[in-house]
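The values are calculated or read from the model by the stated rules, or taken from the named source; none is laboratory data. Since this is a predicted model, take the numbers as computed values, not measurements. Every residue, glycine among them, receives a Cβ derived from its backbone with ideal geometry; neighbour counts consider all protein chains shown. To get the accessible areas, we keep the full protein, side chains included, count just its heavy atoms, and leave off ligands, DNA and RNA. Shrake-Rupley method; radii C 1.70, N 1.55, O 1.52, S 1.80 Å.
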Amino acid sequence: MIFNLTTLATKYILQRLPSRAVYSALLLIAAVPVTHAASVNKSNASDILVVRSIRAAAHCPSDGVRDVKTLSPQQSSQQRTIDCMLMQLQVYQQDDKSARQHYLAYKAQAWLNYAYHKDSIKSRSAAGSQALQAGSLLLAALQNGTDEQLSITTDIPTTSALMRPDLWATLNALKDSGGISAAPRELAFSEVALVWAAADQCEHGWRQSGTHFRMADRWLEQAREAYVNAHDSETNVELESLINRYFKQYTPLDTGDDICRGQKMDSHKLYISQTITIPMPVPTATYNVVY
C-alpha cells in the first residue's frame, strides 16, 4: 500500500515540475506517509498569507504559471506558485552565473520541492511553510541582486534536527573550504535532504528518513570527489582534518531522541565566513490575489 502511494505521488509531482526540476525531485522526494483525506491543515490561514507574500515577491500571476502547458486543475494555488518560482530559478542555474548563485538557486529549488511535497500530501506540519519561505527568500535575493549578502550557513528549522553529524560535518567542511565552487548543486541538494530526512524521522520514524539520508550521503560523496579532484593532496588533508573537527563538535548535538527542535549552526562553526547576514523579510503583496 505504501509503495503504491509513493509511486502515485512521485508520478503526480514529476508530471507538474519544470523539466530542470525533475532530476532533483527524483532525488529529493520522500516516501509518502499515509494521511487521512479529510485531514485539515490547521495552519492554512498562515500558509495563505505566506503564499500571497511569496507570489508578490516572485512576480507570479494569480492563476499560476501561464508558460506551463500542462497544469492540472488538481493543483493547489500553492503548487502553481511553486511551479512559477521553480521556472524563475532556472535563470540562476545557467553557466553565466557564479557557483555561489548556482548553490543558492539549487538550494531554493530543493526547498521548494520540499514545500511542494508537503502541500501535495496535505501535511499538517509547519515544515512546508518553512521550506516555502526559505526558498522564496533565496529567490528574492537572487532577483534583487542581494544574494552576496546572504550567509551560506543554514540553520536547521524547528521542524527538523541535527542528525547524522558525520554528513553535516562533511557538508559544512566542504562549504567552508570553498567546495561550492566544485559542487554547488550537490552541496545544496544534500543540505536540504538532511533537513528533510531528520524532519521525517521525527514525524514518522527512522524507516521514513532512510531515503533522504541516503540521498544526502550520495550527493556529498559526489561533492567530496569533485573537491578532491580539483585540489592538491595538502589541501585535501586539510579538508579531512576539518571534517573530523566538525564531527567532534556536532556529535553531542545528535541527541538520538528523535525530537525536532531546530539547531543554530553559526554558534557551532569553527570559523565563520566573512559574509554578512542581513534579515530579509518576505515582501508583502501590494495587490489583491484571487484564489
Scanning region 185-205 for residues that are over 14 Å from Leu162 (Cα atoms) and either surrounded by fewer than 24 Cβ atoms within 10 Å (Cβ to Cβ) or over 18 Å from the mean Cα position of the chain (by Cα) (or both) gives Arg185, Glu203, His204, Gly205
Restricting attention to region 136-159, and to residues there that are surrounded by fewer than 18 Cβ atoms within 10 Å (Cβ to Cβ) and of a type outside the set (Ser, Thr, Tyr), which single residue is nearest to Asn172 (Cα to Cα)? Asp155
Determine whether Ser209 is outside any helix (DSSP H, G or I) and open to solvent by less than 10 Å² (accessible area, probe 1.4 Å). no
Condition check: touching a Lys or Arg at 6+ places or on another chain (Cβ under 9 Å) and either in a helix (DSSP H, G or I) or more than 27 Å from Ala115 (Cα to Cα) (or both). Does Phe189 satisfy that? yes
Does any residue of region 236-247 turn out to be open to solvent by less than 30 Å² (accessible area, probe 1.4 Å), at pLDDT 95 or above and not in a helix (DSSP H, G or I)? no
Take the residues in region 82-122 that are small (Gly, Ala, Ser) and modelled with pLDDT of 95 or more; name whichever of them is nearest to Asn144 (Cα to Cα). Ala105
